[in-house]
Amino acid sequence: MGMISSALDRPSRTAAVIGSEDEALTVAGTIAGIFANGDAAQTAQARLDLLSRSGLFGISVPTEHGGIDVSNTVLADVCATAAAQSATLADILAAHFVALEQLRSYGTDGHRSVVFSAALAGARLCRATARRNGQDADALPLAASGLAWRLSGEALCTPCTRHADWLLVPARSDGGRMAGVLLATRIEGLHYVANSCEPVDRAAPSAEHVLFKDVAVDADAVLHPPVEAAVPQSLELLLEAARQLGGGRRAFERRLASDHDDARDIGLLSARLAAAQAMMAEAGRAIDAAQIGLADQHRTNAFLAATAALAVAHEAAGHVRMAADRNVQPADLPPSLAAALRESGRLRRQGHPHPPEQEG
């Protein structure tokens, strides 16, 4: 497989085998805790190696390639669980899952055979956002060079891309056609601007700045996505919703711990987050259907549901963050709803020290 197989030149890994969706969620919570509370002396490389060995990178691999192909709702729950403790981990997982879906949707049999088996062994994919003149762009220019191509420009990539195995880059050919370019992360012409991906003062590392200097691109590294909105786009929206929801949950836990908010307001924030969770689950089911359905309507439904989930999750997380501003006035609600929310908030606060999953 030419360029894409060069990523396999790295030392072989042995990853755990995750056998169920419940196990995937448990592992995600454990790894998120390590990313959030890791020893200050622990390097980013050590945390990423542990993540690779956990088996999480293989949970969305199709069953015909040896994976368990968890539902998209579970993928979203995994990302939300990660985001509730570590935004960096959630970014890494979401980028990997979306890249795998791109290969599933419009990669070749060769792409899928090589990359899916590697993902089961702990290999990681990253994604890039093209940049031009300091602004986001839709793609990097892909210039013809004989029977192959050349790629130049700059991009912001998934955190710690330098420690990953492959990078999926949006590109546009001289004729204007969009393509995806799957590159091994250690090839000539790729330059990582920062000296490392370690956090600065324990803050979450930002997207990795990568320069592409006349990178040679073989034909087998190019993917040709369809023109219409496809499943990967919907999954990307869903996993962004999951990261918003996870961030909202993290902020909400801090509100509960402060013990200062009115019970009614706690109940309202809880209800908003629950609504986002329900929308996310519905979008996950729509994407499941689009992955096996042949009709265009399946893909349209998935896109609409994922967009709705992201909108609701973004709004819910925003309301939780705004609750920290004491100048924000409480919402004007009907008495019956206010009473229900007040009781909901009381129950949430009462259950906060001992969540149901930790009880006897």
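Computed quantities for the displayed model
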read-out	value
Rounded, prolate or oblate (a/c below 1.5 giving rounded, otherwise prolate when a/b exceeds b/c) for the stretch 102-214 by Cα gyration tensor	oblate
Lone cysteines, the chain (no partner Cβ under 4.7 Å)	CYS79, CYS126, CYS157
Extension gain (nm, one decimal) between ASN133 and MET178, 0.36 nm per residue minus Cα-Cα	14.2 nm
Inter-probe distance in nm under a simple model that places probes 7 Å from Cα toward Cβ, at ASP49 and ASP296	5.1 nm
Choice from LEU273, LEU347, LEU50 with maximal GNM fluctuation in the chain (Cα, 10 Å cutoff)	LEU347
Length gained when the stretch SER20-ALA274 is fully extended (0.36 nm per residue, less Cα-Cα span)	89.0 nm
Per residue value of the accessible surface for the chain (all protein chains in place, 1.4 Å probe), Å²	47 Å²
Whole-number Å³ per residue for the convex hull built on Cα positions in the stretch 25-134	124 Å³
Residue among ALA311, ALA194, ALA281 with the largest mean-square fluctuation in a Gaussian network model of the chain, springs linking Cα atoms under 10 Å	ALA194
Helix-derived mean residue ellipticity, 222 nm - over the chain, DSSP H n ≥ 4, -39500 (n - 2.57), to 500	-16500 deg cm²/dmol
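The values are calculated or read from the model by the stated rules, or taken from the named source; none is laboratory data. Quick caveat, the model's predicted, so the values are computed rather than measured. Every residue, glycine as well, gets a Cβ built from its backbone with ideal geometry; the counts of neighbours run over all protein chains shown. Accessible surface is based on the protein model in full, side chains and every heavy atom, while ligands, DNA and RNA are left aside. Shrake-Rupley method; radii C 1.70, N 1.55, O 1.52, S 1.80 Å.
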